[in-house]
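Reading through the structure tokens given below for one structure.
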Amino acid sequence: MRCRVRSAFAAIAFFAAVRNHSFYAERMSVPDSLPLPVATDRHSPNVPLRYPGTDDHGKLWEKPPPHPPETERLPEGRPPFIAVLGSSGFKEIGDPIRLDLASGGTIPGLALAAGINREWRRIANAGVPSHKILRPADGLRWYERKNLDLAGMYDMSAVETWLADWLKWAGVETFRDLRYRPGDIKPPTVEHRAGICVSIWRTKQPYPARCTKEELRDPAFIHKAFRWAFFGRQFPFKQFEQMWVPDTVGRHLPWLADEIDDHSPAYWAKVSMSQWPAAIPTLLQDPRTRQLIILGDGGHIDNQPSLFNDGHRPPFPLLNPRLQQNRRQRGIRQIHRDARRMPFGAVLRFKVTPETKMSSLQGHSLTWQERDAMWRRGVEQGREFLPAALTDLLRTFEDSGSRNGHTPVEVPGLHLFQLIAARRRQHTAGRWGIRS
């Protein structure tokens, strides 16, 4: 399972990292020389975590503290851009007026949208319940727990609960709390500071019965319904679509349009992180047609999705930071490939170091020291590379102002279904790829 370990720990360090040094030199919430945390047995949650020496961040937090979060007053006049956080995240050097989030990027992206980025090191390093992600859902039979029917086995509810607690602590309980305020700079087509991408597909035929809310949430029933769809050829892979929550919900799920503002961002973050076939997908039913609607990982179609990366020149430039996944991603061919994937933006790839070189399944076994070292490496890389990247991005975006019409967007097909979905999207060109 692609648990997005790098998303949840390494790349979120960019949130706390990169600032305007002339403004933040004396205001950095993170000291340059920061001692690593010392913890006893990480499997004993009742044992308090202690830091040696002096640390401005105090102890690691596993649950929200009683006092409200400390907010930051950021300088005005910084260049606005749209942040694309698929498998990565970062702290702003400009002003990310909009956050396009998917999969593991939803965690750091919502933290920034909620204004709790100042406390992010304490929250993420100790709090992310990665050890609970690889737990099979309750109520499954033996062959379902072995995932022999391909309906998924892991339950992401622990991540949803954890993220909802922290967002509530910061004053964000629903998408209504993420709406732009009067006078905010914003892209003209959206009303929320953050949007979450999920993959959506419908069955060809209506389900034989009308499902109750309890059934749609029951892992055993989801397996039953999935088998009906999958083995009954009601699973149209060619109809993979991206849905942006809350921006395009009215187009795909019109019965939710009037209530989506009251939904929890943490719930939809869980949906976007549930990668089929490892995690159990989210199941809905169209009340008019009784068709089943299956929702899964926002990266199923595109590992770096953006609502504004559709071949048209967006109102603001796009910036997508990522970790390099192999040596080939350091060369000029990868630079040209990234330019085709995001023609009106930039993909900034950070070199993998011993601190950030973690496999997809290591999240539950990382010690506090390893988590914190990964975070600090992201801080250092962000300070070093992001300022120049944003300067180059603004210059190339201004030069693109004379482009007219549509620019094809290349989407890497990392597996067959992703390639099929990419080829069917308007103004996209699917290409076989091994890494995103």
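In this structure, residue 258 qualifies as of a type in the set (D, E, K, R), over 20 Å from residue 154 (Cβ atoms) and surrounded by fewer than 16 Cβ atoms within 10 Å (Cβ to Cβ).
Checking 210, 251, 227, 217 one by one, the residue that is within 28 Å of residue 304 (Cα to Cα) and basic (Lys, Arg) is 251 and no other.
Among the residues of the stretch 162-178, none is identified as in contact with a strand residue (DSSP E or B) (Cβ under 9 Å, 6 or more places away or on another chain) and acidic (Asp, Glu). For the stretch 121-166, the set of residues classified as modelled with pLDDT of 85 or more and aliphatic (A, V, I, L, M) consists of 137, 140, 148, 150, 151, 153, 156, 158, 159, 163, 164, listed by residue number. Being farther than 17 Å from residue 342 by Cβ, at pLDDT below 70 and assigned to a loop (DSSP other than H, G, I, E, B): is that true of residue 419 here? Here the answer is no, as residue 419 does not meet what is asked. If you check 220, 266, 278 for being more than 28 Å from residue 109 (Cα to Cα), touching a residue at least 40 places away in the same chain (Cβ under 8 Å) and not aromatic (Phe, Trp, Tyr), only one passes: 220. Checking 268, 244, 276 one by one, the residue that is assigned to a loop (DSSP other than H, G, I, E, B), of a type outside the set (Lys, Arg) and closer than 20 Å to residue 297 by Cβ is 276 and no other.
In the stretch 200-213, is there at least one residue being out of contact with any Phe, Trp or Tyr (no Cβ under 9 Å at 6 or more places or on another chain), assigned to a helix (DSSP H, G or I) and not acidic (Asp, Glu)? There is at least one residue in the stretch 200-213 that is out of contact with any Phe, Trp or Tyr (no Cβ under 9 Å at 6 or more places or on another chain), assigned to a helix (DSSP H, G or I) and not acidic (Asp, Glu).
Only one entry of 161, 174, 203 meets the criterion of being over 21 Å from the mean Cα position of the chain (by Cα) and under 23 Å from residue 246 (Cα atoms), and that entry is 203. Does the stretch 226-252 hold any residues that are free of Cβ contacts under 8 Å to residues at least 60 places away in the same chain, under 19 Å from residue 190 (Cα atoms) and either of a type in the set (Ser, Thr, Tyr) or buried (at least 18 other Cβ atoms within 10 Å of the Cβ) (or both), and which are they? Hits for the stretch 226-252 are 243, 248, 249, 252. Within the set 329, 381, the sole residue that is crowded, with 20+ Cβ neighbours inside 10 Å and modelled with pLDDT of 80 or more turns out to be 381. Taken as a whole, the stretch 272-283 holds no residue that is β-branched (Val, Ile, Thr), buried (at least 23 other Cβ atoms within 10 Å of the Cβ), closer than 30 Å to residue 357 by Cβ and under 17 Å from the mean Cα position of the chain (by Cα). Restricting attention to the stretch 68-96 and to residues that are surrounded by fewer than 20 Cβ atoms within 10 Å (Cβ to Cβ) and at pLDDT 75 or above, the residue that is farthest from residue 316 (Cα to Cα) turns out to be 79. Please work out if residue 405 is modelled with pLDDT under 75 and not in a helix (DSSP H, G or I). It is true that residue 405 is modelled with pLDDT under 75 and not in a helix (DSSP H, G or I). From the set of residues in the stretch 146-174 that are among the charged types (D, E, K, R) and part of a loop (DSSP other than H, G, I, E, B), which is surrounded by the fewest Cβ atoms within 10 Å (Cβ to Cβ)? Here the residue is 146.
Restricting the stretch 197-217 to residues that are of a type in the set (Ser, Thr, Tyr) and either buried (at least 18 other Cβ atoms within 10 Å of the Cβ) or modelled with pLDDT under 90 (or both) leaves a set whose member that is farthest from residue 107 (Cα to Cα) is 207. Scan the stretch 253-263 for residues that are touching a residue at least 24 places away in the same chain (Cβ under 8 Å) and either part of a helix (DSSP H, G or I) or closer than 20 Å to residue 177 by Cβ (or both) and the total you get is 5.
Among the residues of the stretch 347-357, not a single one is crowded, with 16+ Cβ neighbours inside 10 Å, out of contact with any Pro (no Cβ under 9 Å at 6 or more places or on another chain), farther than 21 Å from residue 133 by Cβ and modelled with pLDDT of 85 or more.
The values are calculated or read from the model by the stated rules, or taken from the named source; none is laboratory data. Fair warning: this is a prediction, and the values are worked out from it, not measured in the lab. A quick note on method: Cβ atoms are made from the backbone with ideal geometry, for glycine too, and the neighbour counts reach across all protein chains shown.
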